[in-house]
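Undergrad: Okay, handing you the structure first.
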Amino acid sequence: MSSIQTTSEGIPVIVLKEGSKQSRGKDAQKNNINAAKLIAEIIASSLGPRGMDKMLVDSIGDITITNDGATILKEIDVQHPAAKMMVEVAKATDSEVGDGTTSAVVIAGALLEKAEGLIDNDIHPVIIADGYKKAAKKAISFLGEIAKKVDISDKQTFEKVARTSMLTKLVAVEAADLAKIVVDAVISIMEEKDGGYRANISNVKVEKKTGGSISDSQLINGIVLDKEIVNNNMPKKIQDAKIALVSAPLEIEKTEFEAKINISTPNQIKSFMEEENQILKEMVEKIKNTGANVVLCQKGIDDIVQHYLAKAGILAVRRIKESDMAKLAKATGARIVGNVNDLTEKDLGAAQNVEEKQIEDDNWTYVEGCKNPKAVTFLVRGGSQRVVDEVERAIHDALMVVKDVIERPYFVPGGGSPEAYLATKLRVWAQSLSGREQLAVEKFAEALESIPISLARNSGMNPIDAITQLRAKQSAGEKYTGVDAVNGIIGDIEKIDVLEPIKVKEQVIKSATETANMILRIDNVVAVSRASPPPQMPGQPPGMY
């Protein structure tokens with residue numbers, strides 16, 4: 001579109017910069033809705049336990065194989081502004097609740113698709129958006145009617161929730177074993193707070209190493225460091241470890257200012273070296289006197305210090321990441337000291353075992369058997385780098401859903417049954433509304449059904465037969481009926497132990513509705529192009545205008 005525009009009287013006015021593009025009214029809406037629908041279509045086939053994976057190749061040729069909604073959308077470089085908003089809905093859902101990213105995008109796409117039909121019938125987009133907003137609020141209140149409370153000591157239910165989140169991923173075969181480890185990890189780091197429980201997932205360190213198989217993954221009650229012991233003369237294993245955490249370098253620090261020493265005889269050099277040696281030796285003595293037998297240092301360790309530490313039978317690791325130091329402090333109960341002179345016996349942490357172990361070609365240091373660790377390590381194994389990466393993503397989702405249930409102890413059955421239940425309830429509620437909002441609420445109910453329809457389609461069922469059967473059973477009051485994708489039937493989802501946190505479902509509905517409404521309310525898209533540089537004058541050096 002040219003930058004010259006005309007007013008309603010036909011007077012030409014230059015408003016936008018040369019080269020700007022603008023689309024208005026229904027054109028703009030159609031364009032945005034189509035872009036958002038396309039994103040939802042790409043992702044819908046990866047929903048559920050029978051969902052397919054996507055192979056994504058980036059500009060350098062790196063491959064990612066995944067069916068995690070947020071990862072797919074992060075990896076595909078989306079250009080269209082409305083499509084970018086769909087990527088944001090996935091990111092927001094991922095960071096808030098960790099799971100349900102695919103569902104959020106599929107529902108947002110369905111809401112926009114249903115809205116398209118209403119717009120074609122001349123219903124104003126703002127009325128549709130308001131109807132959607134009301135429907136979302138009502139849907140969340142209906143969710144509470146089918147939610148069940150879970151007790152904090154009920155590990156079995158937590159495992160079912162974790163397993164459900166992993167059944168849709170590559171790790172489905174090992175899901176039951178991994179779910180146990182995930183629940184143990186979250187329970188060990190959760191803390192009681194304000195009458196409820198909190199779990200900070202960043203205290204579960206996920207280390208991944210290719211080799212072995214997924215079932216070789218394990219939980220270490222402590223921290224695994226991807227570093228080796230600094231000196232070969234040090235013990236490779238220390239039991240009943242007393243651990244000193246030092247954040248300062250164990251070497252003679254350089255002075256802030258420049259200093260020169262004039263030396264006139266060789267003896268002066270000797271005494272100078274001996275003095276340095278003495279300072280470093282005293283450092284080691286101080287550590288030894290506290291009773292520490294393991295030193296974990298955030299910075300460097302001088303060769304001479306290494307020699308004396310080895311002589312004293314103390315194991316040392318250097319250049320540990322700051323985030324790992326914080327986790328070590330939580331796991332072992334040690335206090336991080338900035339100066340060796342301040343180190344006392346009280347500052348030391350404890351672990352049953354500190355040992356260097358070989359994993360594939362690398363030597364890693366394990367700090368295991370901490371008594372009551374508030375930080376733990378999940379060691380992920382798998383046949384290849386792609387497998388390990390996808391297992392890590394599955395573990396992240398599983399950790400997050402267990403955290404969600406611990407922080408808000410309610411769950412609902414999965415398999416599209418909550419969506420089918422809400423759709424049934426919303427249709428009845430819509431009858432009590434007047435005017436055009438009623439149509440918007442009915443369309444909202446239809447959009448929610450896109451989840452069971454996608455699940456049925458992905459598991460090879462006939463989606464029309466499936467949704468007809470599902471509606472009939474839900475209307476008859478069988479509120480836990482959903483799509484049993486594994487067996488390819490419509491059945492009671494609670495019986496097959498497919499459970500999801502209510503927090504995830506609520507977030508999915510909120511995120512999808514807000515994104516759809518935001519896209520619906522746009523009626524004008526102005527794209528400003530980058531200004532092209534003026535033409536080059538002959539004989540002028542490049543870059544000069």
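Undergrad: Could you list all residues from the range 115-157 that are of a type in the set (A, V, I, L, M, F, W, C), exposed (fewer than 13 other Cβ atoms within 10 Å of the Cβ) and not in a helix (DSSP H, G or I)?
TA: Correct list: empty.
Undergrad: Can you tell me which of (1) hydroxyl-bearing (Ser, Thr, Tyr); (2) more than 18 Å from Val182 (Cβ to Cβ); (3) out of contact with any Gly (no Cβ under 9 Å at 6 or more places or on another chain) is the one Ser247 doesn't meet?
TA: Ser247 satisfies all of (1) hydroxyl-bearing (Ser, Thr, Tyr); (2) more than 18 Å from Val182 (Cβ to Cβ); (3) out of contact with any Gly (no Cβ under 9 Å at 6 or more places or on another chain) except (3).
Undergrad: Could you check the range 275-327 and list, in sequence order, the residues that are acidic (Asp, Glu) and more than 16 Å from Leu343 (Cα to Cα)?
TA: Correct list: Glu275, Glu276, Asp302, Asp303, Glu322, Asp324.
Undergrad: So how many residues does the range 373-411 have that are surrounded by fewer than 24 Cβ atoms within 10 Å (Cβ to Cβ) and closer than 18 Å to Tyr480 by Cα?
TA: So the answer is 1.
Undergrad: Anything in the range 60-92 that is of a type in the set (Gly, Ala, Ser) and either surrounded by 24 or more Cβ atoms within 10 Å (Cβ to Cβ) or closer than 19 Å to Asp389 by Cα (or both)? List them, or say none.
TA: Gly61, Gly69, Ala70, Ala82, Ala90
Undergrad: Hey, among Ser454, Ser450, Ser434, which residue is among the hydroxyl-bearing types (Ser, Thr, Tyr) and free of Cβ contacts under 8 Å to residues at least 12 places away in the same chain?
TA: Ser434
Undergrad: Specify which of the listed residues (Arg386, Arg335) is in contact with an Asp or Glu (Cβ under 6 Å, 6 or more places away or on another chain) and of a type in the set (Lys, Arg).
TA: Only one candidate passes the filter, namely Arg335.
Undergrad: Without any contact (Cβ under 8 Å) to a residue 40 or more places away in the chain and surrounded by 15 or more Cβ atoms within 10 Å (Cβ to Cβ), is that true of Val230?
TA: Judged against the criteria, Val230 is not a match.
Undergrad: Further question: Conditions: (1) within 18 Å of the chain's Cα centre (by Cα); (2) hydrophobic (A, V, I, L, M, F, W, C); (3) at pLDDT below 90. Val182 meets all but one. Number of the miss?
TA: With respect to (1) within 18 Å of the chain's Cα centre (by Cα); (2) hydrophobic (A, V, I, L, M, F, W, C); (3) at pLDDT below 90, Val182 is out only on (3).
Undergrad: In addition: Please verify whether Thr344 is among the hydroxyl-bearing types (Ser, Thr, Tyr), buried (at least 22 other Cβ atoms within 10 Å of the Cβ) and modelled with pLDDT under 90, treating the condition exactly as stated.
TA: no
Undergrad: Moving on. Under the condition of being in the same structural domain as Leu250 (by TED's automatic domain parsing) and touching a helix residue (DSSP H, G or I) at 6+ places or on another chain (Cβ under 9 Å), which residue from the range 346-370 is farthest from Gln218 (Cα to Cα)?
TA: Leu348
Residues are listed down the side, and each one gets a yes or a no for (1) among the charged types (D, E, K, R); (2) under 23 Å from Val483 (Cα atoms); (3) assigned to a helix (DSSP H, G or I); (4) modelled with pLDDT under 85:
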site	(1), (2), (3), (4)
Ile42	no, yes, yes, no
Ser46	no, yes, no, no
Pro49	no, yes, no, no
Met52	no, yes, no, no
Ile60	no, no, no, no
Asp77	yes, no, no, yes
Ala83	no, no, yes, no
Val87	no, no, yes, no
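Undergrad: Of the residues Leu280, Leu245, Leu250, which is at pLDDT 90 or above, surrounded by 11 or more Cβ atoms within 10 Å (Cβ to Cβ) and either more than 20 Å from Ala375 (Cα to Cα) or aliphatic (A, V, I, L, M) (or both)?
TA: Leu245
Undergrad: Answer yes or no: is there a residue in the range 93-111 that is over 21 Å from Arg457 (Cα atoms), of a type in the set (A, V, I, L, M), surrounded by 21 or more Cβ atoms within 10 Å (Cβ to Cβ) and assigned by TED's automatic domain parsing to the domain that holds Ile451.
TA: Yes, some residue in the range 93-111 is over 21 Å from Arg457 (Cα atoms), of a type in the set (A, V, I, L, M), surrounded by 21 or more Cβ atoms within 10 Å (Cβ to Cβ) and assigned by TED's automatic domain parsing to the domain that holds Ile451.
Undergrad: Scan the range 253-268 for residues that are at pLDDT below 75 and among the basic types (Lys, Arg) and jot them down.
TA: Of everything in the range 253-268, just one residue is at pLDDT below 75 and among the basic types (Lys, Arg), namely Lys254.
Undergrad: Answer yes or no: is there a residue in the range 331-340 that is within 18 Å of Ile238 (Cα to Cα), aliphatic (A, V, I, L, M) and assigned to a helix (DSSP H, G or I).
TA: Checking the range 331-340: at least one residue is within 18 Å of Ile238 (Cα to Cα), aliphatic (A, V, I, L, M) and assigned to a helix (DSSP H, G or I).
Undergrad: Every residue in the range 231-251 that is farther than 11 Å from Ile314 by Cα and assigned to a loop (DSSP other than H, G, I, E, B), please.
TA: Selection gives Asn232, Ser247, Ala248, Pro249, Glu251.
Undergrad: Continuing with the same structure: Out of Lys357, Lys311, Lys330, Lys374, I need the residue that is modelled with pLDDT under 90 and in contact with a Phe, Trp or Tyr (Cβ under 7 Å, 6 or more places away or on another chain). Which one?
TA: Checking each option against the conditions leaves just Lys357.
Undergrad: Would you point out the residue of the range 296-310, among those that are without any contact (Cβ under 8 Å) to a residue 60 or more places away in the chain and out of contact with any Lys or Arg (no Cβ under 9 Å at 6 or more places or on another chain), that is farthest from Asn203 (Cα to Cα)?
TA: Asp303
Undergrad: Looking at the range 325-353, which of its residues are within 27 Å of Ile252 (Cβ to Cβ) and touching a Lys or Arg at 6+ places or on another chain (Cβ under 7 Å)?
TA: Ala329, Val340, Asn341, Leu343, Asp347, Leu348
Undergrad: Those residues that are surrounded by 23 or more Cβ atoms within 10 Å (Cβ to Cβ) and out of contact with any Lys or Arg (no Cβ under 6 Å at 6 or more places or on another chain), I need them from the range 485-497; list them, please.
TA: Ile490, Ile493
The values are calculated or read from the model by the stated rules, or taken from the named source; none is laboratory data. For clarity, every value in this text was computed on a predicted model and none was experimentally measured. Methodologically, a virtual Cβ is constructed for each residue, glycine included, from the backbone with ideal geometry; neighbour enumeration extends over all protein chains shown.
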